[in-house]
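Novice: Could you have a look at this structure, given as structure tokens, before my questions?
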Amino acid sequence: MDGLENPVVIEYEPIQHDVLVIGAGGAGLRAAIEARAHGASVGLVCKSLLGKAHTVMAEGGIAASLANVDDRDDWMVHFADTMRGGQYLNNSRMAELHAREAPARVRELEAWGALFDRAVDGRILQRNFGGHAYPRLAHVGDRTGLEMIRTLQDYAVHQGIDDHMECAVIELLTDGDRVVGAFAFDRDRGTFKVFHAKAVVLATGGVGKAFRITSNSWEYTGDGHALAYRAGAALIDMEFVQFHPTGMVWPPSVAGILVTEGVRGEGGVLRNSRGERFMFGDIPPLYRNSTADSEEEGWRYTQGDKDARRPPELLTRDHVARCIVREIKEGRGSPHGGVFLDIAWIKERLPNAAEHIKRKLPSMYHQFKELAGIDITEQPMEVGPTTHYVMGGVRVDADSQMSDVPGLFAAGECAGGLHGANRLGGNSLSDLLVFGKRAGEYAARFARENAGGQISADQVAEVARVALEPFDRGVDAESAENPFAIQHDLQDLMQEQVGIVRNERDLQDALEAIDRLRDRTGRVAVSGNREYNPGWHTALDLRNLLTFSEVIARAALERQESRGAHTRLDFPDKDETYGKLIIAIRRDADGGLTVSREPTAPISDELQQIIDARK
Amino acid sequence: MAKATFRIWRGKADSGEFRDYNCEISEGMVVLDAVHKIQAEQASDLAVRWNCKAGKCGSCSAEINGSPRLLCMTRLDQLPLDKPITIEPMQAFPVVKDLVTDVSWNFEVKKRIKQFAPRPADAEDGTWRILQRDVDRVQEFRKCIECFLCQDVCHVLREHHLHDQFIGPRFLVYAAALEMHPLDTENRVGELRETDGIGYCNITKCCTNVCPEHITITDNAIIPLKERVVDEFYDPLRKIFRVFQK
């Protein structure tokens with residue numbers, strides 16, 4: 001049963017697909033749909049049940065220049081906003097494709113049954129969000145992610161895609177330098193599956209579960225990042241981890257749960273313990289011309305006045321998060337270590353404000369009511385930064401989404417390049433759709449044009465052996481380690497030393513601590529059998545968590561400046577040396593880790609002109 | 001720090017038992033926090049399904065002191081802590097292990113329901129014009145997080161096990177969202193009556209009461225669908241009309 005009696009013979013279920021998609025959130029579902037539409041046989045691996053992936057938690061909306069609410073918007077403005085938000089480290093071709101194709105991807109969702117909130121003329125309504133020049137986010141109240149994943153899921157189940165629910169990939173299988181499949185296990189039964197595929201799409205999302213305070217679900221253990229790295233692909237921009245400025249801070253057990261930026265888009269304001277709108281006090285030069293200079297003007301902006309400029313609460317997430325941390329550190333925080341986010345105040349301006357808040361922000365209303373006992377139509381919320389998103393990921397070709405490893409594609413959060421040093425809110429859901437579709441299309445093409453490689457029995461046997469090791473070590477042995485304890489220690493470490501503010505000493509210490517955690521992981525023991533065993537699942541997650549945690553720390557050490565989401569106390573300013581450099585990390589032939597500084601992807605004259613015209 | 005006792009069902013489909021776990025509790029804790037703490041400190045192989053821990057994904061459905069709830073949205077300060085808190089898996093589905101049930105039947109049912117089929121686009125650019133007031137009703141149904149607590153509490157499934165004849169409240173809501181979708185052109189009323197078993201529902205509203213998204217399942221989804229079935233199949237004028245058609 002446990003594979004212990006006869007460790008030499010590895011039992012597994014062999015499964016064959018043209019295209020294997022790993023991850024079933026927005027990017028994975030969209031990739032699977034597209035690969036299938038191009039005639040490929042498609043397998044879709046989801047770590048949880050279909051429709052539960054992290055996309056479901058996205059709240060604010062999908063950024064696309066539909067120009068339904070403000071006809072001055074177009075793809076070029078969206079492109080320029082995205083590049084400015086990313087401090088120009090973005091891959092400009094990806095940012096171009098994203099801005100150009102997002103509107104069509106949103107309309108396609110409507111054709112598949114999504115029901116967005118409507119503008120008065122019956123078109124899709126769009127809302128304001130940080131860093132976007134015009135109201136640009138198609139949304140459904142504050143549950144846009146749910147609408148998106150359900151629409152994709154309900155469409156996908158009629159397309160002839162084979163889903164493999166509650167199944168997790170442990171390792172990619174390679175033949176020479178190309179990917180030929182994946183070794184996975186069924187979480188319910190604990191049995192192994194070997195997928196043989198001509199092309200593999202990674203759509204595994206982010207890395208938030210390496211941090212203590214996070215808005216991310218348990219699935220965010222950086223599987224795609226770590227799998228790709230071990231298969232030889234380069235990871236880029238890994239020093240850029242986005243801390244969303246507004247997560248819940250109280251009660252402790254719910255700390256980190258997201259409070260949507262939509263609260264600020266609807267007129268919510270940030271105040272410190274003295275009641276000051278502290279965001280007015282620190283507006284970065286890049287945004288000075290486009291930010292309101294009075295509370296009055298900011299309010300008019302949130303209510304759709306096209307002549308007004310946005311309030312400073314809607315500056316980019318990296319900046320808002322840093323300002324909140326400053327207020328807290330300097331003693332102007334709220335009682336539970338955050339700041340105040342107040343939407344209730346709009347009753348001074350709007351009739352029926354309470355009803356308006358409940359209609360525009362229903363999930364927030366319920367979340368605070370049920371988890372914190374706070375009525376947000378009456379009282380301010382307490383909020384603070386929470387680990388939310390990783391800008392970095394697998395380096396991919398902008399058009400095809402293929403990584404450095406032939407046959408291996410990546411899309412969505414686990415791919416790097418689109419967002420540069422900081423992602424704008426709303427650009428994630430559009431990223432999933434635009435590049436999920438592209439990855440699916442090009443993976444299907446790759447599968448058509450390339451024969452499948454060979455799966456190595458030796459590699460399969462070795463992966464299985466390592467996966468089962470935690471059962472072989474007795475939990476009662478003195479050296480035995482508890483997998484949950486190691487994960488908790490890693491979360492504390494990353495939160496404190498590789499978190500929102502960093503310095504060289506902390507990062508060096510963190511790297512040594514990660515090595516020690518890796519040693520401890522080598523002694524992890526679990527009890528019970530292989531059937532739905534969370535202890536074993538956590539033991540298997542540790543390898544990926546430690547892999548990308550080290551990558552993040554190494555990248556953060558290499559970038560000796562502060563830019564976007566990456567803040568170094570020992571290098572507090574932007575340094576133009578790094579303004580056109582990205583940090584790439586890959587595994588070398590000996591299994592060691594190589595860090596390199598590389599120039600940002602070249603930008604075309606046309607795109608440079610678009611940026612310059614809007615600087 | 002205060003302590004509480006959690007009486008958790010451990011076992012598989014064929015056998016199992018309740019086991020007591022003592023656990024320290026702190027302010028604001030939800031039941032899922034306690035289960036995780038027990039898992040980390042006392043029973044690493046205790047199986048529980050969860051994802052977001054924010055009431056948005058609908059994974060951690062179980063029964064707390066006998067009522068179907070989300071583990072992540074049930075605060076300990078709302079429960080009596082002077083006696084053990086019982087936590088057990090949903091009763092309407094087969095147990096996989098401990099608190100985890102096999103809900104795959106729900107995914108099969110959904111595939112049977114005719115998919116969305118929009119009318120031709122209203123505008124030349126391929127888009128539609130829809131008013132917010134025509135969307136409100138369906139948006140309520142689309143709040144569903146597929147936690148299947150409504151399926152769990154429904155006596156047709158829970159006690160009578162008519163899974164092969166009745167699709168349950170979740171999929172009546174799903175069918176209602178499609179039937180009342182302003183763009184949809186498909187007709188699902190025949191199936192609702194014949195294969196989906198809408199007649200089994202005797203509107204006791206148990207489903208509405210357990211819905212964590214507060215969807216008024218019975219009044220807004222099921223009763224209007226029942227009316228459509230009656231209109232289409234039992235309206236005397238239509239009956240006569242059908243006779244003449246034949």
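Novice: Would you be able to tell me the number of residues in region A:115-154 that are more than 24 Å from A:Ala31 (Cβ to Cβ) and facing another protein chain (nearest Cβ under 9 Å)?
Specialist: Selection size over region A:115-154: 9.
Novice: Here is a follow-up. Among the helices (runs of 4 or more DSSP H) lying completely within region A:55-162, list those that include at least 1 residues that are among the charged types (D, E, K, R), over 18 Å from the mean Cα position of the chain (by Cα) and within 23 Å of A:Glu219 (Cβ to Cβ).
Specialist: Hits in region A:55-162: A:144-156.
Novice: What do you reckon, is A:Ile583 aliphatic (A, V, I, L, M), assigned to a helix (DSSP H, G or I) and surrounded by 14 or more Cβ atoms within 10 Å (Cβ to Cβ)?
Specialist: So A:Ile583 fails the test.
One line per residue, one yes/no per condition, for (1) more than 8 Å from chain A (Cβ to nearest Cβ); (2) buried (at least 22 other Cβ atoms within 10 Å of the Cβ):
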| residue | (1), (2) |
| --- | --- |
| B:Lys111 | no, no |
| B:Trp128 | no, no |
| B:Asp136 | yes, no |
| B:Phe141 | yes, yes |
| B:Cys147 | yes, yes |
| B:Leu157 | yes, yes |
| B:Asp164 | yes, no |
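Novice: Go through (1) within 24 Å of the chain's Cα centre (by Cα); (2) not assigned by TED's automatic domain parsing to the domain that holds B:Arg188 one by one and return the number of the condition B:Val109 breaks.
Specialist: (2) is the only condition that B:Val109 fails.
Novice: Among the residues of region A:232-268, what is the count of those that are more than 14 Å from chain B (Cβ to nearest Cβ) and surrounded by fewer than 24 Cβ atoms within 10 Å (Cβ to Cβ)?
Specialist: Result for region A:232-268: 3.
Novice: Need at least 3 residues that are modelled with pLDDT of 95 or more per element, so show me which helices (runs of 4 or more DSSP H) inside region B:160-246 make the cut, counting only ones lying wholly within it.
Specialist: Per the criteria, B:168-179, B:189-194, B:206-210, B:223-233.
Novice: For region B:44-65, which residues satisfy the criterion of being aliphatic (A, V, I, L, M) and in contact with a Pro (Cβ under 9 Å, 6 or more places away or on another chain)?
Specialist: Within region B:44-65, B:Leu46, B:Ala47, B:Val48, B:Ala62 meet the criteria.
Novice: Restricting attention to region A:273-329, and to residues there that are under 20 Å from A:Arg614 (Cα atoms) and among the basic types (Lys, Arg), which single residue is surrounded by the most Cβ atoms within 10 Å (Cβ to Cβ)?
Specialist: My answer is A:Arg310.
Novice: Suppose we keep only residues that are assigned to a loop (DSSP other than H, G, I, E, B) and away from chain A (no Cβ under 11 Å) within region B:44-69. Which one would you say is surrounded by the fewest Cβ atoms within 10 Å (Cβ to Cβ)?
Specialist: Residue satisfying both the conditions and the ranking: B:Gly66.
Let's see how each residue does on (1) within 14 Å of chain B (Cβ to nearest Cβ); (2) free of Cβ contacts under 8 Å to residues at least 24 places away in the same chain:
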site: A:Ala308; (1), (2): no, yes
site: A:Leu314; (1), (2): no, no
site: A:Ala344; (1), (2): no, no
site: A:Glu355; (1), (2): yes, yes
site: A:Leu371; (1), (2): yes, no
site: A:Pro380; (1), (2): no, no
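Novice: What's the total number of residues in region A:30-64 that are of a type outside the set (Lys, Arg) and away from every other protein chain (no Cβ under 14 Å)?
Specialist: So the count comes out to 15.
Novice: For residues in region B:174-206 being surrounded by 14 or more Cβ atoms within 10 Å (Cβ to Cβ), in contact with a Phe, Trp or Tyr (Cβ under 9 Å, 6 or more places away or on another chain) and more than 12 Å from chain A (Cβ to nearest Cβ), which is nearest to B:Arg133 (Cα to Cα)?
Specialist: Looking at the filtered set, the residue picked out is B:Ala176.
Novice: Moving on to the next point. Name the residue that is nearest to the chain's Cα centre (by Cα), counting only residues in region B:12-43 that are under 17 Å from B:Val96 (Cβ atoms) and surrounded by 16 or more Cβ atoms within 10 Å (Cβ to Cβ).
Specialist: Among residues in region B:12-43 that are under 17 Å from B:Val96 (Cβ atoms) and surrounded by 16 or more Cβ atoms within 10 Å (Cβ to Cβ), the one nearest to the chain's Cα centre (by Cα) is B:Val35.
The values are calculated or read from the model by the stated rules, or taken from the named source; none is laboratory data. Computed from a predicted model, the values in this text were never measured in an experiment. All Cβ positions, even for glycine, are placed from backbone atoms using ideal geometry, and neighbour counts span all protein chains on display.
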